[in-house]
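Visitor: Sharing a structure here in structure tokens format.
Readers should treat all values here as calculations from the given coordinates under stated rules, not as data from a laboratory. Since the structure is predicted, the reported quantities are computational estimates derived from the model, not experimental observations. A quick note on method: Cβ atoms are made from the backbone with ideal geometry, for glycine too, and the neighbour counts reach across all protein chains shown.
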Amino acid sequence: MSTPTEVEELPETTEKEPSGSSIAFTATLVLLVGLALFGRRLFNAWFTDDGIRTWATMFVGVTVQALPFLVLGVLLSAALTAFVPASFFAKALPKHPALAVPVASASGVVLPGCECASVPVSAALMNRGVTPAAAIAFLLSAPAINPVVLASTAVAFPGQPKVVVARAVTSLAVSMILGWLWLLTGKGGSWLKMPKNRHAHDDGKFEVFRSAMLHDFLHAGGFLVVGAAAAATLNVVVPRAWLDHVAGNLLLSVLILGLLAVLLAICSEADAFVAASLTQFSLTARLAFMVVGPIVDVKLIALQTGTFGPKFAVRFAPATFVVALLASLLVGWWLL
């Protein structure tokens with residue numbers, strides 16, 4: 001006699017609980033909106049001093065000008081992550097590594113992506129067989145010379161197309177130089193921890209688009225607010241004589257603004273507006289700020305350490321910083 005077959009119980013579907021980071025981001029966003037709506041009434045007494053008024057005007061001006069470009073960049077970056085397969089890049093690049101580097105660098109002109117998105121995209125390229133040198137070149141060029149970044153730079157520096165050209169030329173040169181330097185270093189393979197493929201294949205493309213857009217906007221928006229506040233504070237709090245002293249020394253001003261870009265970690269779609277507000281400094285120093293920010297800052301160093309390993313980050317970040325400063329000085333002397 002045959003025994004009755006047991007009916008398998010279907011696993012109960014459990015709803016995903018929101019992570020702590022998403023709750024923190026949501027609470028921060030609600031707090032910022034509340035301050036924007038009711039902050040004037042709450043802190044009306046504070047906005048009587050001319051310095052505070054100037055700070056508030058600069059902060060709001062930089063944020064409002066940069067926000068549309070930030071949103072556009074996040075949307076395009078999320079679309080690139082969700083709808084363009086990594087295999088496309090592997091097939092489009094030349095097989096020879098030395099030739100693949102400039103092609104990967106130039107592809108950043110037409111393929112927008114923010115700094116946060118460039119690291120996982122580069123990791124996906126390596127997983128699909130793209131030479132690490134070309135992936136590194138794309139990592140540096142995509143957030144620095146894409147159309148949204150160049151358009152925001154043109155708006156931030158009206159009537160000064162030479163600034164847009166200088167930014168594009170410098171960033172493109174830095175990405176190619178670092179890619180070729182990676183090829184020339186014989187120990188590059190031992191420094192790089194090949195990333196694991198962490199893409200969730202079960203998620204639909206629109207879900208990937210939604211999550212990528214939300215993640216990038218919350219992160220980049222927070223850094224934009226911090227950057228705008230820092231720029232306004234620098235112009236209001238720091239004595240004018242100090243700024244004039246630093247700005248009067250070309251090498252010192254380039255170094256200071258380069259370090260400032262590393263610390264502020266502003267999204268590349270918005271950093272031009274912060275640079276434009278630093279009117280005490282020369283165009284060459286502000287060029288260094290815009291070149292350094294998208295390719296080496298505190299959040300990028302953390303992302304690169306987690307993705308490619310600490311051996312990669314401790315060598316790649318300082319090399320990128322030095323090459324970016326030298327290239328900014330050279331192109332600034334040539335074009336600005």
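Visitor: With 28 Å as the limit, write out which pairs from K162/K193; K95/K299; K91/K205 have Cα-Cα distances beyond it, or answer none. List each step's numbers first, then the result.
Guide: On the way: K162/K193 39 Å; K95/K299 32 Å; K91/K205 21 Å.
Distance filter (> 28 Å) returns K162/K193; K95/K299.
Visitor: For the pair V165 and L255, what calculated FRET efficiency results from E = 1/(1 + (r/R0)^6), where r is the Cβ-Cβ distance and R0 = 22 Å, to the nearest 0.05? Walk me through the numbers on the way to the answer.
Guide: Numbers: r = 23 Å, r/R0 = 1.07.
According to the calculation, E is roughly 0.40.
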